[in-house]
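Since the structure comes first, as structure tokens, the remarks are kept for the end.
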Amino acid sequence: MSEAQRLTQEAGRKAHNYDRHSGCSQSVLGSLQETLSIGDKESFKAATVLSGGVARCGETCGALLGALMALGLVVGRERIEDTEQYRKAMEPARDVCERFKEALRVKFGFGGELRSTLCRDIQERIYGRSFDLNKAEDYRAFIAAGGHSDVGCLKVCGIAAQVGAEKILEIMNERGGC
């Protein structure tokens, strides 16, 4: 096993386990920060409110957002005026999104293409329905359906971290830093 494969697996394992404490975006971002030595506590704190599809609203998957935040730490711009770097960062970000959808499709055995990265759409594919995580009754139903189990969102976090780690390590390798 190569060092990149080991780090990718480690990031996935950590994210999977961290989501037991809730917070998919922080689970993924934190695992990538630790495994790849990127970012800081401030970026980790910023990810707090992105879980459950942004403030538990079912929008873009928080696990994917955590992976994209980690990617941004590596390829993001440092000055708002740096439009060229902004544009360059979009290509690997789109690649992470596509890899994430494909990895979910394969690892969960979804029939057909996963067209969306919305939390509610991913829930629908995994659990057969989506949940409003801001409503106590729906949150209880989400947990009962396996939401925080090894075959639910914990698995999604592991997948997002692995996809993010793969892309970040490719970029670091291209730069001669890995």
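The values are calculated or read from the model by the stated rules, or taken from the named source; none is laboratory data. From a predicted model like this one, the values you see are computed outputs, not experimental measurements. Reconstructed Cβ throughout: ideal geometry from the backbone, glycine too, with neighbour counts over all protein chains shown.
hydroxyl-bearing (S, T, Y), assigned to a loop (DSSP other than H, G, I, E, B) and touching a residue at least 60 places away in the same chain (Cβ under 8 Å), is that true of S130? Let's see the steps before the verdict.
On the way: hydroxyl-bearing (S, T, Y): yes; assigned to a loop (DSSP other than H, G, I, E, B): yes; touching a residue at least 60 places away in the same chain (Cβ under 8 Å): yes.
Against the criterion (hydroxyl-bearing (S, T, Y), assigned to a loop (DSSP other than H, G, I, E, B) and touching a residue at least 60 places away in the same chain (Cβ under 8 Å)), S130 qualifies.
Condition test on E113, is it of a type in the set (D, E) and either modelled with pLDDT of 95 or more or within 18 Å of G164 (Cβ to Cβ) (or both)? Lay out the reasoning, then the answer.
Values: of a type in the set (D, E): yes; either modelled with pLDDT of 95 or more or within 18 Å of G164 (Cβ to Cβ) (or both): no.
Judged against the criteria, E113 is not a match.
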>> Go through the range 57-84 and report how many residues are part of a loop (DSSP other than H, G, I, E, B) and in contact with a Gly (Cβ under 9 Å, 6 or more places away or on another chain).
In response: 3
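Can you tell which of E84, E78, E124 is at negative phi, among the acidic types (D, E) and touching a Ser or Thr at 6+ places or on another chain (Cβ under 7 Å)?
Working: E84 fails: touching a Ser or Thr at 6+ places or on another chain (Cβ under 7 Å); E78 fails: touching a Ser or Thr at 6+ places or on another chain (Cβ under 7 Å).
Answer to the selection: E124.
So for the range 77-93 (the condition being surrounded by 21 or more Cβ atoms within 10 Å (Cβ to Cβ) and over 18 Å from H148 (Cβ atoms)), does at least one residue qualify?
Start the filter on the range 77-93 by keeping residues that are surrounded by 21 or more Cβ atoms within 10 Å (Cβ to Cβ), which leaves none.
Taking every residue of the range 77-93 in turn, none turns out to be surrounded by 21 or more Cβ atoms within 10 Å (Cβ to Cβ) and over 18 Å from H148 (Cβ atoms).
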> How many of the residues making up the range 11-49 are out of contact with any Leu (no Cβ under 6 Å at 6 or more places or on another chain) and in contact (Cβ under 8 Å) with a residue 60 or more places away in the chain?
Replying inline: 14
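Restricting to the range 133-169, what's the tally of residues that are assigned to a helix (DSSP H, G or I) and either surrounded by 23 or more Cβ atoms within 10 Å (Cβ to Cβ) or of a type outside the set (V, I, T) (or both)? Step through it out loud before you land on a result.
First, pick out the residues of the range 133-169 that are assigned to a helix (DSSP H, G or I): 136-144, 153-169.
Filter again for either surrounded by 23 or more Cβ atoms within 10 Å (Cβ to Cβ) or of a type outside the set (V, I, T) (or both), leaving 136-142, 144, 153-169.
Count: 25.
Test G52 against the stated conditions and say whether it is buried (at least 23 other Cβ atoms within 10 Å of the Cβ), in contact (Cβ under 8 Å) with a residue 24 or more places away in the chain and assigned to a loop (DSSP other than H, G, I, E, B). Before you say what the answer is, go through the steps one by one.
Numbers: buried (at least 23 other Cβ atoms within 10 Å of the Cβ): yes; in contact (Cβ under 8 Å) with a residue 24 or more places away in the chain: yes; assigned to a loop (DSSP other than H, G, I, E, B): yes.
Judged against the criteria, G52 is a match.
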>> Looking at the range 1-25 only, could you name the residues that are surrounded by fewer than 23 Cβ atoms within 10 Å (Cβ to Cβ), in a helix (DSSP H, G or I) and of a type in the set (A, V, I, L, M, F, W, C)?
In response: A4, L7
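Every residue, every condition in (1) in a helix (DSSP H, G or I); (2) buried (at least 21 other Cβ atoms within 10 Å of the Cβ); (3) under 13 Å from the mean Cα position of the chain (by Cα), yes or no:
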{"position": "E34", "(1), (2), (3)": "yes, no, no"}
{"position": "A47", "(1), (2), (3)": "yes, yes, yes"}
{"position": "E98", "(1), (2), (3)": "yes, no, yes"}
{"position": "G112", "(1), (2), (3)": "no, no, no"}
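Looking only at the range 153-170, decide whether some residue is within 16 Å of F100 (Cβ to Cβ), over 16 Å from the mean Cα position of the chain (by Cα) and either modelled with pLDDT of 95 or more or among the aromatic types (F, W, Y) (or both). Steps first, answer last, please.
Taking the range 153-170 as the starting set, the residues that turn out to be within 16 Å of F100 (Cβ to Cβ) are 153-170.
Add one more test, that the residue is over 16 Å from the mean Cα position of the chain (by Cα), and what stays is 170.
Right, trim to either modelled with pLDDT of 95 or more or among the aromatic types (F, W, Y) (or both) and you get 170.
Scanning the range 153-170 turns up at least one residue that is within 16 Å of F100 (Cβ to Cβ), over 16 Å from the mean Cα position of the chain (by Cα) and either modelled with pLDDT of 95 or more or among the aromatic types (F, W, Y) (or both).
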> Considering V28, V74, which residue is at pLDDT 95 or above, closer than 21 Å to G176 by Cα and surrounded by 14 or more Cβ atoms within 10 Å (Cβ to Cβ)?
Replying inline: V74
